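Structure record follows, encoded as structure tokens.
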Amino acid sequence: MDPQPTRPVLYTYFRSSCSARVRIALNLKGIDYEPRAVNLLRDEHHDDAYTSLNPNGLLPLLLIDGLALTQSVAIIEYLDERFPQCPLLPRDPALRASVRAIVGVLCCDTQPLQNMRVLRALPEPQRTEHARSVIAAGLAVVETMLEATAGRFCVGDDVTMADCCLAPQL
């Protein structure tokens, strides 16, 4: 694994909502990148080759500009600052706060509670219902928030980081 590729490399998995957030942002910004699949069901994220790049062993990981970036929201914010085309955070501070609040509900309050690491800790018969109830509660909160912020998209009429985070959660 080349730690300093010539174009961005995204370590991703098709069922990872965290990875999907970053894929959406990269595509919205028109950034050409190389996807590298890491199969979570086969625990490839725990392989030495991967953890040597990303010690926490989670997805996504973006290699860009000589950096190894982790955590989807941090990656998206980096991309937004580094590539200003198609901004994903509004200029207005109040709207930025709304975007970040929606992102927080999705990425901090909802998704982590229904991901594989948490579900594997539960007895098999409880997993589906736990995931369903966590997702439903989180989406209900987001729906209420969107009543005050939505236009064509989550916050107004432009795509934002909130949209990048909501779509994979649905």
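The values are calculated or read from the model by the stated rules, or taken from the named source; none is laboratory data. Worth saying up front: this structure is predicted, and the values here are computed from it rather than measured. Note that we place each Cβ from the backbone using ideal geometry, even for glycine, and neighbour counts take in every protein chain shown. For accessibility, only protein heavy atoms count, side chains too; no ligands or nucleic acids. Shrake-Rupley method; radii C 1.70, N 1.55, O 1.52, S 1.80 Å.
Some observations on this one:
- Alpha-carbon Rg/Rh ratio, for segment 57-97, with Rh computed the Kirkwood way: 1.04
- 10 Å binning of all Cα-Cα separations within the chain, expressed as whole percents from 0 upward: 10, 37, 34, 17, 2
- Selection from MET145, ASN115, VAL155, by position along the positive dipole direction of segment 115-159 (Cβ): ASN115
- All C-alpha to C-alpha distances of segment 31-80, sorted into 10 Å bins beginning at zero, yield P(r) values of 24, 56, 20, 0 percent in whole numbers.
- Shape metrics for segment 61-162, restricted to C-alpha atoms - Rg then Dmax, Å: 16.0, 46
- Enclosed volume per residue, in Å³, of the convex hull spanned by Cα atoms of segment 1-91: 85
- Sorted largest first, extent of segment 80-132 alpha carbons per principal axis (Å): 46, 22, 13
- Accessible area per residue in Å² at 1.4 Å probe, computed on segment 12-170: 53
- Counting only DSSP beta bridges with both residues in the chain, the antiparallel share comes to about 60 percent.
- Listed by number, the DSSP H helices of the chain that run 27 Å or longer by alpha-carbon position along their axis and have mean Kyte hydropathy of at least -0.5 are 124-149.
- Solvent-accessible area, 1.4 Å probe, carbon plus sulfur percent, for the chain: 55
- For ALA150, the amide hydrogen comes within under 5 Å of the amide hydrogens of GLY156, counting only partners 5 or more places away or on other chains and with H modelled in the peptide plane.
- Measuring max minus min along each principal axis, the C-alpha atoms of segment 123-170 give extents of 43, 18, 11 Å (largest first).
- Put a dot 7 Å past the Cα of VAL118, heading toward its Cβ, do the same for GLN85, and the two dots end up 3.7 nm apart.
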